[in-house]
1. Which number in (1) over 22 Å from the mean Cα position of the chain (by Cα); (2) outside any helix (DSSP H, G or I) marks the one condition that Gly185 misses?
2. Among the listed residues Leu175, Leu214, Leu192, identify the single one that is over 20 Å from Phe275 (Cβ atoms) and at pLDDT 95 or above.
3. Quick one: Gly95 ticks every box in (1) of a type in the set (Gly, Ala, Ser); (2) under 30 Å from Pro134 (Cα atoms); (3) in contact (Cβ under 8 Å) with a residue 12 or more places away in the chain except a single one, so which number is it?
4. Could you go through the stretch 106-113 and let me know if any residue there is touching a residue at least 60 places away in the same chain (Cβ under 8 Å) and at positive phi.
5. Which ones in the stretch 265-285 are open to solvent by 30 Å² or more (accessible area, probe 1.4 Å) and either touching a residue at least 24 places away in the same chain (Cβ under 8 Å) or of a type outside the set (A, V, I, L, M, F, W, C) (or both)?
6. If Tyr209 meets every condition in (1) in a helix (DSSP H, G or I); (2) touching a residue at least 40 places away in the same chain (Cβ under 8 Å); (3) open to solvent by 50 Å² or more (accessible area, probe 1.4 Å) apart from one, which number is that one?
7. Quick check: anything in the stretch 160-171 loosely packed, with under 13 Cβ neighbours inside 10 Å and of a type outside the set (S, T, N, Q)?
8. Could you pull out the residue among Thr215, Thr190, Thr147, Thr224 that is in contact (Cβ under 8 Å) with a residue 40 or more places away in the chain and closer than 16 Å to Thr237 by Cα?
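The values are calculated or read from the model by the stated rules, or taken from the named source; none is laboratory data. Please read all numbers here as calculations on a predicted model, not as lab measurements. A quick note on method: Cβ atoms are made from the backbone with ideal geometry, for glycine too, and the neighbour counts reach across all protein chains shown. The accessibility values were calculated without ligands, DNA or RNA, using every heavy atom of the protein model including side chains. Shrake-Rupley method; radii C 1.70, N 1.55, O 1.52, S 1.80 Å.
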Amino acid sequence: MAQQGAYYVPHGSKWPIVGSVGLFTTVVGAAHWINGNDGWRWVMFAGLAILLSMVVGWFGSVIRESVGGMYNRQVDSSFRMGMIWFIFSEVMFFGAFFGALFYARSLSVPWLGGEGHGAITHDVLWSNFTATWPTNGPGDIGGAFQTMGPWGIPLLNTLLLLSSGVTVTIAHHALRAGQRRKLLGFLAATVLLGAVFLFFQAHEYIEAYTHLNLTLQSGIYGSTFFMLTGFHGLHVTLGAIMLTVIWFRCAKGHFDKENHFGFEAVAWYWHFVDFVWLGLFMFVYVL
């Protein structure tokens, strides 16, 4: 059992090295697959399987330790600081991608069109290029394409994610009030809204590839569009999985009114995902 003033330190955990191996294998396989080496996709899938086993095993260990009473307030504070820094790293992750979008849209494309110090570049290399956005660059990479309008599926997905932020907040208040049925109902609604969001995003991708010729190879616009929306979709997927795990933990009574940081951590993550989508909707779809 936890003792105040003593800090629980797990010994001999294999999960950090397993996670490192899985992540390295996934990235190497994905890099080769994207560059045309089809056989490497199985390496990527193997890495994903290793990562999945790491997540299941490591989360299971933490849950067993928590339910077993091995944690105290000092450990709880450590978990909170760790989650804060993790979300901060995610902010920097998406900040780099938004920065790439800004750089291409506001600096690189105008320079290629002759603005500022790019006049010689424009006159000598790309005299026929008009600096407009969206664009696949002066090389017309990927051919002509159409953009995804903001007022269809993107607007619907915005409403879905904003609604999910409300439902997870209601579920949190229900947990603190000891209202078990309300907690499980609104938490399940949050997971459902996330799943519907992913369904419509998949439909949007199919529409982009089959009817709009908007692909990952559609120059700078296509690469930034799918990079931002794709990684966000991955985060929604991970968030929905974590919320599902939390639902089962709530159903088993792992949390009470005072001690429920596992729920809070996932709720923080989900609100972060909502916030990122608002930026995507404004800067990728609307503007």
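1. All conditions pass for Gly185, except number (2).
2. Leu192
3. Among (1) of a type in the set (Gly, Ala, Ser); (2) under 30 Å from Pro134 (Cα atoms); (3) in contact (Cβ under 8 Å) with a residue 12 or more places away in the chain, Gly95 violates only (3).
4. Here is the first cut: in the stretch 106-113, the residues touching a residue at least 60 places away in the same chain (Cβ under 8 Å) are 108-109.
Next, from what is left, pick out any that are at positive phi: none.
Looking through the stretch 106-113, none of the residues is touching a residue at least 60 places away in the same chain (Cβ under 8 Å) and at positive phi.
5. Trp268, His271, Leu278, Phe283
6. In the conditions (1) in a helix (DSSP H, G or I); (2) touching a residue at least 40 places away in the same chain (Cβ under 8 Å); (3) open to solvent by 50 Å² or more (accessible area, probe 1.4 Å), Tyr209 misses (2) alone.
7. Restricting attention to the stretch 160-171, the residues satisfying the condition of being loosely packed, with under 13 Cβ neighbours inside 10 Å are none.
No, there is no match, as no residue in the stretch 160-171 is loosely packed, with under 13 Cβ neighbours inside 10 Å and of a type outside the set (S, T, N, Q).
8. Result of the check over Thr215, Thr190, Thr147, Thr224: Thr190.
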